[in-house]
Every structure is written in structure tokens, then in C-alpha cells.
1. Could you work out the relative contact order of the chain? I mean the mean sequence separation of Cα pairs under 8 Å and 6+ apart, divided by the number of residues, in percent.
2. Please turn the phi angles of region 217-233 into ³J(HN,Hα) values with the Karplus equation 6.51 cos²θ - 1.76 cosθ + 1.60 (θ = phi - 60°), one per residue in order, whole Hz, x for glycine and proline.
3. Below 8 Å, C-alpha to C-alpha, sequence gap of six or more: please give me the relative contact order for region 103-142 in percent.
4. Which pairs in the list K85/K191; K188/K388; K150/K346; K150/K296 are over 30 Å apart, alpha-carbon to alpha-carbon?
5. By the scheme Lys and Arg +1, Asp and Glu -1, what is the net charge of all other residues having a beta-carbon under 12 Å from that of F135?
6. Through the Karplus equation 6.51 cos²θ - 1.76 cosθ + 1.60, θ set to phi - 60°, convert the phi angles of region 254-259 into ³J(HN,Hα) values in whole Hz; use x for Gly and Pro.
7. If you count, for each residue, the other Cβ atoms within 10 Å and average over each peptide, how do 90-102, 249-261 line up from highest to lowest?
8. Of all DSSP beta bridges in region 237-329, what percent run antiparallel (nearest 5)?
Amino acid sequence: MDYKTYFQQYPTRDGYFGEYGGIILPDELVPVFHEIADAYNAISRSAQFISELRRIRKEFQGRPTPVYHCERLSRKIGGAQIYLKREDLNHTGAHKLNHCMGEGLLAKFLGKKRLIAETGAGQHGVALATAAAYFGLECEIHMGDVDIAKQAPNVARMRILGAEVVPVSFGLKTLKEAVDSAFDAYLKSYKDSIYCIGSALGPHPFPVMVRDFQMCVGLEARDQFLEMTGIMPDVVCACVGGGSNAAGMFSAFLDDPVELCGVEPMGTGSELGQHAASMTYGSKGALHGFESIMLKSADGSPAPVYSIASGLDYPGVGPEHAFWRDAGRVNYVTAGDAEAVDAFFKLSRYEGIIPALESSHAVAYAMKRAKEMHTGTILANLSGRGDKDVDYVIEHYGYGDNYGFPGE
Ligand SMILES: Cc1ncc(COP(=O)(O)O)c(C=O)c1O
């Protein structure tokens with residue numbers, strides 16, 4: 001695969017990365033998505049759009065976010081040096097705002113008046129509500145009842161920002177059902193709304209659009225890491241829910257001699273229903289308007305999924321990740337709940353950074369690999385901060401007094 005010309009080749013005009021992606025929707029809706037793709041291609045390349053987005057990133061979001069060397073954590077582990085791209089310092093506390101501001105700006109250029117989306121952990125919902133407030137647009141966020149109960153601070157933030165939070169009470173009442181519900185709402189009102197999907201998935205052009213808006217993470221991190229160390233990292237890792245933070249990070253390193261690792265949630269075990277490791281256990285299928293690798297039940301329907309991190313429990317993955325896996329460019333590995341909680345407490349105690357439970361999966365993998373590698377460098381994407389998870393963690397795991405390094 002020639003990654004120098006990759007961005008010209010993929011996705012195809014129909015939105016395919018190899019055999020994954022596309023617009024898998026009723027015939028009458030396919031032209032609607034082609035129209036969005038054409039508008040996105042034209043508008044996002046205009047000088048006006050690019051300069052406005054650059055200004056927003058700098059003045060409103062506080063970009064660039066730094067890369068940070070975890071010297072103390074690395075010393076404790078005693079292996080490779082761990083570096084973090086600090087998306088937790090992006091305004092609203094996670095990488096999600098990167099694509100929400102892009103999507104909001106696109107909505108403004110297209111003359112739409114409402115933003116519609118789903119949310120799992122609530123980070124995407126908060127980011128989109130923020131973008132809606134910034135651009136003066138209406139905002140409707142669909143969220144499962146289970147996640148509403150688990151992520152109360154983010155629900156409050158969305159409401160304060162002026163968004164309508166639509167509770168989703170069917171099925172497992174988590175992320176997949178929230179996507180079903182938001183998607184239905186959008187298909188009924190696409191003329192004056194835009195669906196701002198929360199990850200690099202959904203029908204074309206959403207996977208490529210979200211990847212493009214997230215690529216600032218990887219491009220910044222690559223430059224910053226080179227400036228700090230003079231070399232490329234040996235390993236770059238990021239957690240994978242739908243795959244937006246990982247896609248943004250990896251796409252800047254595709255043509256470099258760097259091992260790329262997407263970290264999926266292994267939850268509490270390998271049985272169906274105990275994890276959301278789509279790449280590890282899934283197979284080809286279609287869901288929410290696109291083809292990719294999915295976790296399926298025996299009857300072919302989307303499998304029930306679970307992770308301690310609400311933002312990771314989705315039974316599929318963005319199509320570009322499925323393509324990268326088949327091309328052998330990215331390895332997909334796993335970290336379970338227990339490893340993520342361990343990383344949550346260790347990063348808090350040894351570096352003064354409380355990570356989101358989603359991001360804790362990437363940190364857990366970085367810690368594991370650092371030990372195995374002995375030397376070298378690992379750059380992990382710290383996709384978000386953990387304030388939203390603090391209540392849940394305290395209730396289930398206490399304050400982490402048992403999570404020190406052995407021998408301390
Ligand atoms: C902090 C954080 N990281 C990661 C994710 C997972 O999403 P993605 O795989 O699209 O980056 C989420 C989703 O809510 C999140 O809130």
C-alpha cells in the first residue's frame with residue numbers, strides 16, 4: 001500500500017475504504033448523503049472555511065494541545081518512555097470538540113438550523129452542545145437511559161449549554177440504541193438539520209469527514225514529538241470506540257515507520273456481551289448506514305456489548321479501521337476494565353492527570369507495552385479527561401488506595 005497517495009485514493013467516490021464504508025441506506029436517501037459529501041468536499045477546501053476553522057481551533061478550543069512526557073510513570077514502569085497527546089486539555093475536555101466545531105461550521109455554511117447526534121459517555125454530546133451554542137444553532141442529543149444515569153455531570157452540562165437531551169429507553173439503553181434513535185430523528189428532518197455523528201462511522205461522508213476534522217490531533221502530535229525528541233515514536237496507540245480519536249492520530253503517521261495500535265475494550269471477558277472488541281471478535285456486516293467489522297449475535301443482529309467506558313461500548317468500528325486492519329497497517333489489541341481502572345489510578349497518582357475511562361484503555365496498553373519493550377518510546381492519545389467518570393469510579397473502586405506499584 002502506498003500511503004503517500006492514500007488520501008487521494010480513499011475513500012472512493014461512493015465512500016469505500018476497500019470493501020468497507022459506503023452508504024447503506026434506502027435508495028431515496030442515498031442522493032441526500034451524496035449531496036452532503038459534495039458540499040463537504042467543496043466547502044471544506046475553501047480558503048474561507050479553512051481559515052475560520054483554524055481561528056476557532058486556536059482562539060476557542062485552545063489548540064494546539066501539548067504532548068507530555070510521563071517521566072515519573074515511565075520510571076515506575078521501568079521500560080519504554082511514555083508520552084501523551086493531551087486532548088484532555090482541548091476545550092470541553094476531550095477530542096470530540098475537534099469534529100463538532102468542524103461539523104457546526106459546515107452546518108452554518110450549509111444554512112442548516114439544527115444539529116442532531118447521539119452520545120455515549122456524554123463527551124460528544126457536550127462538545128456538540130458547545131458547538132451549537134457557539135454557532136447559534138439548535139441541538140438535539142440522543143442518549144441511552146443507562147448512560148444518562150452513569151454520566152450525570154455531562155447531562156447537566158448539555159442542558160446548561162442549551163441542548164435538548166432525548167432519553168433512549170429501548171434495548172440495552174446505551175450507545176447503539178442512542179445512534180438508532182438519533183439516526184431516525186435525522187432521517188425525518190434532514191432538510192433543516194445535520195447529523196453530527198460522534199465518531200468516524202455512519203454512512204459516507206461521515207467517516208472521512210470526522211477523520212479529517214480529527215487529523216489535527218495526529219499532525220500536531222507528530223510535529224511536537226519530533227521537536228521534543230528528534231525521532232519518531234516507536235509505537236503510537238489510541239483507544240477505539242467508533243474510532244475517531246484513533247483515526248485522527250493514526251492518519252498522520254501512516255507513511256512513517258511507526259507501529260500503530262488501536263486499543264479495543266475487552267470489558268470483563270471474551271464472551272459475547274462482556275466486551276466491545278469488534279475487531280478482535282467481529283465479522284463483516286452493516287449497521288447504521290455503513291459496512292464494516294461488527295459484533296453480531298447468532299441471528300446476525302448487532303450483539304449486546306459492554307465496557308466500563310460508555311464511549312467505547314459500540315458493536316462496530318469505523319470502516320477505515322477495518323481497512324487498515326486488513327491492509328496490515330494498524331494492529332488492534334485489547335485492554336479490559338481492570339487494566340483501564342489500574343491505568344486510571346496510576347496516571348492520576350504518578351502524573352497528576354485523571355484520564356477518561358475511554359482514554360485509560362490507551363494508557364493501560366502503553367503501560368503494558370512499555371514494560372515489554374524495555375527501551376524506546378510510546379505516544380498514546382489521551383483522548384479526554386476523567387472528571388465525568390470520578391463519581392462512578394469512587395462508587396465502584398474507591399479512591400484507588402490499592403493501585404500503587406508493587407513494592408511501594
Ligand atoms: C474521551 C473519549 N475517548 C474516546 C472515545 C471513543 O470514541 P472514538 O473511538 O470515536 O474516539 C470517547 C467516546 O465518547 C470519549 O469520550
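No value in this document is a laboratory result; all are computed from the given coordinates. Source: prediction; values computed, not measured. As a convention, Cβ positions derive from the backbone with ideal geometry for all residues, glycine included, and neighbour counts pool all protein chains shown.
1. Once normalised by length, the contact order is 20 percent.
2. Taking θ as phi minus 60°, the curve returns 4, x, 5, 4, 4, 4, 4, 5, 5, 4, 5, 6, 10, x, 9, 7, x Hz for region 217-233.
3. 48
4. K85/K191; K188/K388
5. +1
6. 4, 9, 10, x, 10, 7
7. Packing order, densest peptide first, comes out as 90-102, 249-261.
8. 70
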